[in-house]
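Working notes, beginning with the structure itself.
Nothing in this text is a laboratory measurement; each read-out follows from the coordinates by a stated rule. Source: prediction; values computed, not measured. Neighbour counts run over all protein chains shown; Cβ positions are idealised from the backbone, glycine included.
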Amino acid sequence: MHVYAEYRENMPPSREQATLSGWMRRGSRLPAGMNVALRDWTSPICKDDARPLMPEKIALYGGSFNPIHHGHLIVARHIAEELQLDRLIFLPSAQPPHKPTGALAAAEHRCAMVKLAIEGEHAFQFSDHDLRDGPTYTIDTVAHFRQALGMDIILYWIIGSDSLVELTTWYRVRALVDSCRIVTAARPGWEQIDWNLLRSRLSEEQIAVLQSGVMDTPLMDISATDIRRRVRLGKSIRYLVPEKIRNYIDTHGLYKTDAGA
Ligand code: ATP
């Protein structure tokens, strides 16, 4: 079942509705520490009545979330605050095009864990849009959300710096970089980004845009691979994932073998 209706219902008024009703998006204060290009991204737009209005800012956070962990959650919270996001939508993917499916837990479990992890965090939402059969390409997902949510929103796509260096292998990467604002979270082990790797497929302008989207997020040395490995070996995953997720993994016997569950 698609839960698009779920987040659609929670949408704030459109810009037209907002203008008509006098409702205004929050102030145009810029977060400290943002670089020039990111500031440009957050520039207020002015309607003809000269009142500042902010376009809605929505970030999409795709991944296998196998399982979701504190690395994802702390990075998401940091980015939501720094960019003053209205919404951040987690998109578990059925079959990440870049990853083997070996230890992938069933989609229903990964979704349940994402929903549990973001419970009570009003800016965080969940969508099952990327759970369709077959490989899901980010460019298609971005196009879907653009069309569904309107052209006047600012749309971000969140990745970790390990994914940034793999970007050249992504389907239609040039079009992707032009179609949304890619925000890169710092990840231990990938602090030094070799931009030359990206030059083979992207223009200097596109590289500059990607560089401006690199954010100084807390370095969280947590990976789903390590969590699965620890469960397999009977080691503790306490503090790596929220307690609710630790209990869920335990209750459903996930990750006890290489096959996920
Ligand atoms: P796995 O270990 O199975 O490869 P993962 O921990 O990398 O999984 P994913 O669900 O594949 O988790 O990650 C989704 C996105 O979140 C990716 O772009 C990844 O780079 C990013 N990400 C995951 N963990 C972190 C982390 N600790 N810090 C920053 N970014 C992260």
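Within the shell of other residues whose beta carbon sits under 14 angstrom from the beta carbon of LEU219, the net charge comes to -3, with Lys and Arg scored +1 and Asp and Glu -1. A dipole drawn for segment 57-215 from +1 and -1 charges on Cβ atoms has a positive end, and of THR169, LEU83, TRP195 the residue lying farthest that way is THR169. Panel values: segment 142-220, Kirkwood radius from alpha carbon pairs, Stokes-Einstein at 25 °C and 0.890 mPa s, translational diffusion coefficient 187 µm²/s. Taking every alpha-carbon pair under 8 Å whose residues sit at least 6 apart, segment 57-215 reaches a relative contact order of 23 percent.
Looking at segment 121-224, none of the chymotrypsin sites (Phe, Trp or Tyr not before Pro) sits in a DSSP loop with at most 12 other Cβ atoms within 10 Å of its own Cβ. For GLY62, nonlocal amide neighbours, meaning residues 5 or more places apart or on other chains whose placed amide H falls under 5 Å from its own, are LEU91, ILE158. Where in segment 187-204 is the amide nitrogen less than 13 Å from a point lying 7 Å along the Cα-to-Cβ axis of GLN211? Inside the label zone: 193-199, 203-204.
Sort CYS111, CYS180 by Cβ crowding within 10 Å, fewest neighbours at the top. Don't skip to the end; give the middle numbers.
Details: CYS111 19, CYS180 22.
Ranking CYS111, CYS180 by Cβ neighbours within 10 Å, fewest first, gives CYS111, CYS180.
So what's the net charge close to HIS109: Lys and Arg +1, Asp and Glu -1, counting the other residues with Cβ under 14 Å from its Cβ?
Values: positive: ARG110, LYS115, ARG228, LYS244, ARG246, LYS256; negative: GLU108, ASP128, ASP250.
Summing Lys/Arg as +1 and Asp/Glu as -1 gives +3.
Other residues whose C-beta falls under 13 angstrom from the C-beta of ILE182 contribute a net charge of 0, scoring Lys and Arg +1 and Asp and Glu -1.
Mind giving me the FRET efficiency for GLU121 and GLU204? R0 is 41 Å, r the Cβ-Cβ distance, nearest 0.05 is fine. The value I calculate is 0.60. Fully extending the segment from MET151 to GLU166 would add 2.6 nm, taking 0.36 nm per residue of separation and subtracting the current Cα-Cα distance. Once both labels are positioned 7 Å from their Cα atoms along Cα-to-Cβ, the gap between ASP178 and ASP250 label points is 5.2 nm. In this structure, the amide hydrogen of ILE182, modeled 1.01 Å from its nitrogen in the peptide plane, lies closer than 5 angstrom to those of TRP157, counting only residues at least 5 positions away or on a different chain.
Using a/c under 1.5 as the rounded threshold, could you call segment 57-215 rounded, prolate or oblate? The axes a ≥ b ≥ c are square roots of the C-alpha gyration tensor eigenvalues, and prolate needs a/b larger than b/c, oblate otherwise. Don't skip to the answer; put the middle values down first.
On the way: a/c = 1.39, a/b = 1.27, b/c = 1.10.
Cα axes put segment 57-215 in the rounded bin.
Applying 0.36 nm per residue to the separation of THR225 and HIS144 and subtracting their alpha-carbon distance, the gain on full extension is 26.2 nm.
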